[in-house]
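*Asks:* The structure's right below; bear with me while I get my questions together.
Where a number appears in this text, it was derived from the coordinates with a stated rule and is not lab data. The structure displayed is predicted, hence computed values, not measured ones. Positions of Cβ are generated from backbone atoms using ideal geometry, with glycine treated the same way; all protein chains shown enter the neighbour counts.
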Amino acid sequence: MVRNTYTSVVTIERYIIEQERLHPQATGALSGILQDLALAAKMIASKVRLAGLADVLGEHGSENVQGETQQKLDVISNDIIVKAMDHGGRLCAMASEEEEGIIPIPEKFKRGSYVLLFDPLDGSSNIDVNVPVGTIFSVLRRQSKGNGVGTLDDMLQPGYKQVAAGYVIYGSSTMMVYTTGQGAHGFTLDPSIGEFLLSHPGIRTPEASRYLSVNEAYEQHWEPNVKALVRRYRGMDGTREALNVRYVGSLVADFHRNLLGGGVFVYPANAKNTSGKLRLLYECNPLAFICEQAGGAASDGQQRILDIQPTQLHQRSPLFIGSKAEVTTATEMLASS
Ligand code: AHG
Ligand code: MN
Ligand code: MN
């Protein structure tokens, strides 16, 4: 007898609507944004999955505003998101890691009261070697008046103002994880029906840590207290058991493994990246929101990531994110700096 494996199927669309119904005053705009992002994620996944077969590998032959060489998939993913999101009537502007300035919603489209910030393809140096990559997004409510194009100030809001945030990981399976402040929820793409299905409701990051994610190549450029912190995480100062070091070089992949398995990801400032490498608005903030919703924490070493008042669109921040106890260890050992 063939068992119907879709007896309790909950698609991401259904889950988003059910969550929206918990808020009588909701207009449905945020639900629409999340559903459009799920479509964009499926379109990017289909490109990432084809990789070498679809002429999407390698460099695009240009640099982004960060001075980083753009991979073809960086540009393709960026275009997919812009075109999937610009006509829904819920946004008044967007901002991307891959574009210097604000991406306005064209005149021909209705504008809404939200702004979207995103890293279209995170970990892009890993694409050509088939290591998981991701997409990261953050949604804020516009602060500027009227219904014109959103402004820079609409983007430069502290992370605690986010109304939604999430990421997609194109790994051994494609998963989308998002929060609207009512917990963090994970959906796995079933490519045979082209739907994201609820697989991880109410994610809670384990209290006990297993993993440490850090690029130790920068050790020589760290401050002494950062060196001491990483030595502690590695069980080398006699105060604790060593964490397993796992680092793939895609923030989304390292973050997701630690979120589900328990652990801490650290990208400190160093002599070469004096503010750290990761971007506050579309890497640190959205993952910090997800992490806190799952019972974890995120700091820049001095303060909570979500409390940082941004001053520039592409500003960077040191990042210590994961299980609460490990982030507390970091802030205690770095506060003295
Ligand atoms: P992106 O590909 O969006 O530029 O992000 C790359 C980031 C992040 O994904 C990863 O954690 C970090 O770069 C790795 O940096 P290092 O190679 O310096 O360790
Ligand atoms: Mn990134
Ligand atoms: Mn990127």
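*Asks:* Would you mind getting me the FRET efficiency between Gln66 and Thr311? Use the beta-carbon distance for r and R0 = 22 Å, nearest 0.05.
*Replies:* Values: r = 17 Å, r/R0 = 0.75.
That gives a FRET efficiency of 0.85.
*Asks:* Report the net charge of residues surrounding Asp86, where surrounding means a beta-carbon distance below 13 angstrom and charges are Lys +1, Arg +1, Asp -1, Glu -1. If you can, show how the numbers build up before the last one.
*Replies:* Numbers: positive: Lys83, Arg90, Lys108, Lys110, Arg111; negative: Asp36, Asp79, Glu99, Glu107.
Taking every other residue near Asp86 into account, the sum is +1.
*Asks:* Scan the chain and note any complete DSSP helix (H) whose C-alpha atoms cover at least 27 Å along its axis and whose Kyte-Doolittle average is 0.5 or more.
*Replies:* On the way: long enough: 29-50 (32 Å, 0.99).
Helix filter hits for the chain: 29-50.
*Asks:* Dipole of the chain, Cα-centred, from +1 at each Lys and Arg C-beta and -1 at each Asp and Glu C-beta, to the nearest 20 debye? Walk me through the numbers on the way to the answer.
*Replies:* Working: 31 positive and 36 negative charges, 152 e Å.
Roughly 720 debye, rounded to the nearest 20.
*Asks:* Give the residue from Leu34, Pro318, Ala184 lying farthest towards the positive end of the charge dipole for the chain; charges sit on Cβ (+1 for Lys and Arg, -1 for Asp and Glu) and the dipole is referred to the Cα centre.
*Replies:* Going by the charge dipole, the pick is Ala184.
*Asks:* Further question: Could you name the lysines in cross-link range of Lys47, using Cα to Cα under 20 Å and dropping any fewer than eight places away on the same chain?
*Replies:* Lys72, Lys83
*Asks:* Here's a follow-up. If r is the Cβ-Cβ distance from Leu39 to Val10 and R0 is 22 Å, what FRET efficiency results, to the nearest 0.05? Walk me through the numbers on the way to the answer.
*Replies:* Numbers: r = 18 Å, r/R0 = 0.80.
Calculated transfer efficiency: 0.80.
*Asks:* Per DSSP H run of at least 4 residues, take -39500 (n - 2.57); add these up for the chain, divide by its residues and hand me the 222 nm value, nearest 500 deg cm²/dmol. Write down the numbers at each step before the final one.
*Replies:* Details: 8 runs with 90 residues, N = 337.
Calculated from helices alone, the mean residue ellipticity at 222 nm is -8000 deg cm²/dmol.
*Asks:* OK, next. Rank by packing, highest mean first: peptides 297-307, 13-23, 280-290, with packing defined as the count of other Cβ atoms within 10 Å averaged across residues.
*Replies:* On the way: 297-307: 20.1, 13-23: 14.9, 280-290: 27.8.
Answer by packing, highest mean first, reads 280-290, 297-307, 13-23.
*Asks:* Test of understanding: what is the full-extension gain from Val248 to Ser173, defined as 0.36 nm times their sequence separation minus their Cα-Cα distance? The partial results should precede the final answer.
*Replies:* On the way: separation 75, 0.36 × 75 = 27.00 nm, distance 1.63 nm.
Length gained, Val248 through Ser173: 25.4 nm.
*Asks:* Measure of size requested: the Rg and Dmax of the chain, with Cα atoms as the atom set and Å as the unit; please supply both.
*Replies:* According to the Cα coordinates of the chain, Rg and Dmax are 19.6, 66 Å.
*Asks:* Calculate the dipole size of the stretch 224-292 relative to its Cα centre from +1 charges on Lys and Arg beta carbons and -1 charges on Asp and Glu beta carbons; express the result in debye to the nearest 20. Working shown, then result.
*Replies:* Details: 10 positive and 5 negative charges, 57 e Å.
Its charge dipole is roughly 280 debye.
*Asks:* What ranking do 53-62, 79-88 get when scored by the average of other Cβ atoms within 10 Å per residue, highest first? Please list the in-between numbers first.
*Replies:* On the way: 53-62: 12.9, 79-88: 18.6.
Going from most to least packed, we get 79-88, 53-62.
*Asks:* Compare the Cα positions of Ala228, Leu281, His256 along the charge dipole of the stretch 225-302 (+1 at Cβ of Lys, Arg; -1 at Cβ of Asp, Glu; about the Cα centre) and return the one farthest towards the positive end.
*Replies:* Most positive-ward Cα: Ala228.
*Asks:* Separate question: Among DSSP beta bridges whose residues both lie in the stretch 211-335, state the antiparallel percentage, nearest 5. Write down the numbers at each step before the final one.
*Replies:* Values: 9 of 15 bridges.
Roughly 60 percent of the DSSP beta bridges within the stretch 211-335 come out antiparallel.
*Asks:* Follow-up question, since we're still on this one. Just want the answer: with Cβ charges of +1 for Lys and Arg and -1 for Asp and Glu, which residue in Pro106, Gln66, Ala164 is farthest toward the dipole's positive end in the chain?
*Replies:* Of the options given, the answer is Ala164.
*Asks:* Please compute the net charge surrounding Gly183, taking Lys and Arg as +1 and Asp and Glu as -1 over other residues with Cβ under 14 Å from its Cβ.
*Replies:* Around Gly183, the charge tally is -1.
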